[in-house]
1. If you go through the range 78-123 one residue at a time, how many are touching a residue at least 40 places away in the same chain (Cβ under 8 Å), away from ligand 2 (no atom under 15 Å from the Cβ), in a helix (DSSP H, G or I) and open to solvent by 10 Å² or more (accessible area, probe 1.4 Å)?
2. Would it be correct to say that Ile245 is within 16 Å of ligand 1 (Cβ to nearest atom), within 14 Å of the chain's Cα centre (by Cα) and of a type in the set (Val, Ile, Thr)?
3. Check the range 150-166 and report whether any residue there is touching a Phe, Trp or Tyr at 6+ places or on another chain (Cβ under 7 Å) and within 16 Å of ligand 2 (Cβ to nearest atom).
4. Tell me, yes or no, whether the range 40-52 has at least one residue that is within 16 Å of ligand 2 (Cβ to nearest atom) and open to solvent by 50 Å² or more (accessible area, probe 1.4 Å).
5. Hey, among the residues in the range 18-62 that are among the hydrophobic types (A, V, I, L, M, F, W, C) and part of a loop (DSSP other than H, G, I, E, B), which one's nearest to ligand 1 (Cβ to nearest atom)?
6. Within the range 373-393, identify whether any single residue is modelled with pLDDT under 95, among the β-branched types (Val, Ile, Thr), over 26 Å from Phe266 (Cα atoms) and open to solvent by 40 Å² or more (accessible area, probe 1.4 Å), and answer yes or no.
7. Go through (1) assigned to a loop (DSSP other than H, G, I, E, B); (2) in contact (Cβ under 8 Å) with a residue 40 or more places away in the chain; (3) open to solvent by less than 70 Å² (accessible area, probe 1.4 Å) and name the single condition Gly160 misses.
8. Considering only residues of the range 317-332 that are among the hydrophobic types (A, V, I, L, M, F, W, C) and open to solvent by 60 Å² or more (accessible area, probe 1.4 Å), which is farthest from Trp383 (Cα to Cα)?
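The values are calculated or read from the model by the stated rules, or taken from the named source; none is laboratory data. Since the structure is predicted, the reported quantities are computational estimates derived from the model, not experimental observations. Every residue, glycine as well, gets a Cβ built from its backbone with ideal geometry; the counts of neighbours run over all protein chains shown. Protein only, heavy atoms only, side chains kept; ligands, DNA and RNA dropped before computing areas. Shrake-Rupley method; radii C 1.70, N 1.55, O 1.52, S 1.80 Å.
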Amino acid sequence: MKQQNVAVIVIPTYNEADNIGRMIEYLNSKTFPNIIAKKGDLTEAWNMKILVVDGNSPDGTGKVVEKEAKKYNNTFLLTETSKDGIGAAYLKGFKYAIDKLDADFVFEFDGDFQHPPETIPLMLKAMEEGYDYVIGSRKVKGGSNPKGWGFKRVFFSEFGGFVARFILFFPFKNFFKVTDPTTGLKVTRVKGFIDKMDLDWTGDRLLTKSFGYKLQLLFETLKMGAKFKEVPLQFHVRNAGESKIEAKTAKDIFRVAILLRWFDDFTQKFLKFGTVGFVGYLVNAIFLNVFSKSWSIEWLAWLLSTELAIVSNFTLNNIWTFKKQSISGPVALIGKFFQFNLSSAGALLIQTVVGSLGVKYLGVSRQLLLPFIIVFLVLPYNWFMYNTFIWKNKKK
Ligand code: GDD
Ligand code: MN
């Protein structure tokens with residue numbers, strides 16, 4: 001077994017010649033010695049490395065890093081053929097860090113002193129506590145935006161962050177837990193997370209090679225079940241040089257957020273479930289109309305049309321919504337269909353009880369009550385029953 005955990009600080013750079021030399025010096029002479037001396041509650045002996053992924057910067061950033069790499073044997077340079085987006089640079093860096101540098105943890109870190117190196121030991125501490133994914137947040141107590149930011153800048157950052165949070169996670173727990181989805185400072189455990197991730201930066205694996213990749217990795221890592229924590233980030237102003245964020249970046253990030261949520265398995269399943277439910281309603285209504293016109297037995301028209309809706313719901317959910325958990329074979333199908341009828345009877349009961357009590361004691365109109373009962377009681381009930389009893393995940 002390895003004695004020490006290797007943490008690689010991955011720093012993408014494009015035209016950071018005035019920053020990167022100082023950054024490497026600072027990390028190696030000020031930050032790492034404290035970590036190695038286990039100051040600030042650290043208990044493990046960490047092996048700290050730096051990997052700069054340079055987009056072949058015309059300003060000579062690579063030359064500066066090469067010089068530092070000669071001086072420090074924990075410092076490495078990976079040069080891209082050309083500027084290819086910060087997201088692609090990180091995936092290349094992660095791959096190199098795992099294959100060549102033996103990384104157990106990879107940091108995402110900016111090369112322009114906007115991320116204070118002092119946050120690194122705080123994040124390592126959290127990793128020692130067993131977290132898999134720790135991000136620096138400007139929004140938690142102790143975190144902050146740069147002092148110099150005007151109202152407009154703060155507004156866009158706050159508003160953009162909130163929108164991203166909302167689109168990605170509302171109304172689930174991560175909506176409340178992830179306060180700073182667009183932050184650039186992160187550390188991720190390699191084992192079980194980065195090593196399970198597709199690191200191919202060519203092709204269309206990344207929804208964007210630009211800054212929106214942050215949201216994609218965040219979304220994917222949380223989806224993998226990472227134990228997650230935020231630490232305060234005091235986001236500083238840039239030391240020198242210019243930001244690579246362009247006007248179109250915000251739009252691109254927004255697009256990525258929408259795509260992530262829309263194509264998420266859960267969303268797709270829920271949309272299909274809703275569609276099937278609506279089709280079931282139409283089947284019910286249409287056949288109720290047909291049957292009640294053909295016969296004079298009122299209850300039979302209700303019973304048969306409702307059962308047809310149940311058949312429609314069962315069939316469509318089985319072949320479409322819950323395709324991955326789909327039931328096949330005549331015996332299993334009959335058994336499940338019986339179970340499904342029971343579950344539907346439960347929904348009917350909820351609707352009948354709450355509906356009649358509501359009309360009697362609250363004095364609300366039926367047509368107003370019905371949609372409320374459906375949305376807040378029957379839908380969640382069905383969703384729960386389907387997922388936990390009818391189409392539960394097959395054990396791997
Ligand atoms: N190799 C490579 N290729 N590096 C890049 C590229 C690229 O295409 N684009 C940017 N970088 C490098 C920069 O040189 C810098 O070291 C780091 O990535 C961050 O880029 P900045 O241009 O400084 O971004 P920013 O400061 O405006 O944005 C930061 O804050 C945002 C939150 O406000 C980043 O941390 C973002 O990720 C974060 O969302
Ligand atoms: Mn920056």
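1. Going through the range 78-123 one residue at a time, the tally reaches 6.
2. On the way: within 16 Å of ligand 1 (Cβ to nearest atom): yes; within 14 Å of the chain's Cα centre (by Cα): no; of a type in the set (Val, Ile, Thr): yes.
In short, no.
3. Looking through the range 150-166, none of the residues is touching a Phe, Trp or Tyr at 6+ places or on another chain (Cβ under 7 Å) and within 16 Å of ligand 2 (Cβ to nearest atom).
4. No, because not a single residue in the range 40-52 is within 16 Å of ligand 2 (Cβ to nearest atom) and open to solvent by 50 Å² or more (accessible area, probe 1.4 Å).
5. Per the stated criteria, the residue is Leu42.
6. Scanning the range 373-393, I find no residue that is modelled with pLDDT under 95, among the β-branched types (Val, Ile, Thr), over 26 Å from Phe266 (Cα atoms) and open to solvent by 40 Å² or more (accessible area, probe 1.4 Å), so the answer is no.
7. (1)
8. Step by step, filter the range 317-332, then rank; the result is Val331.
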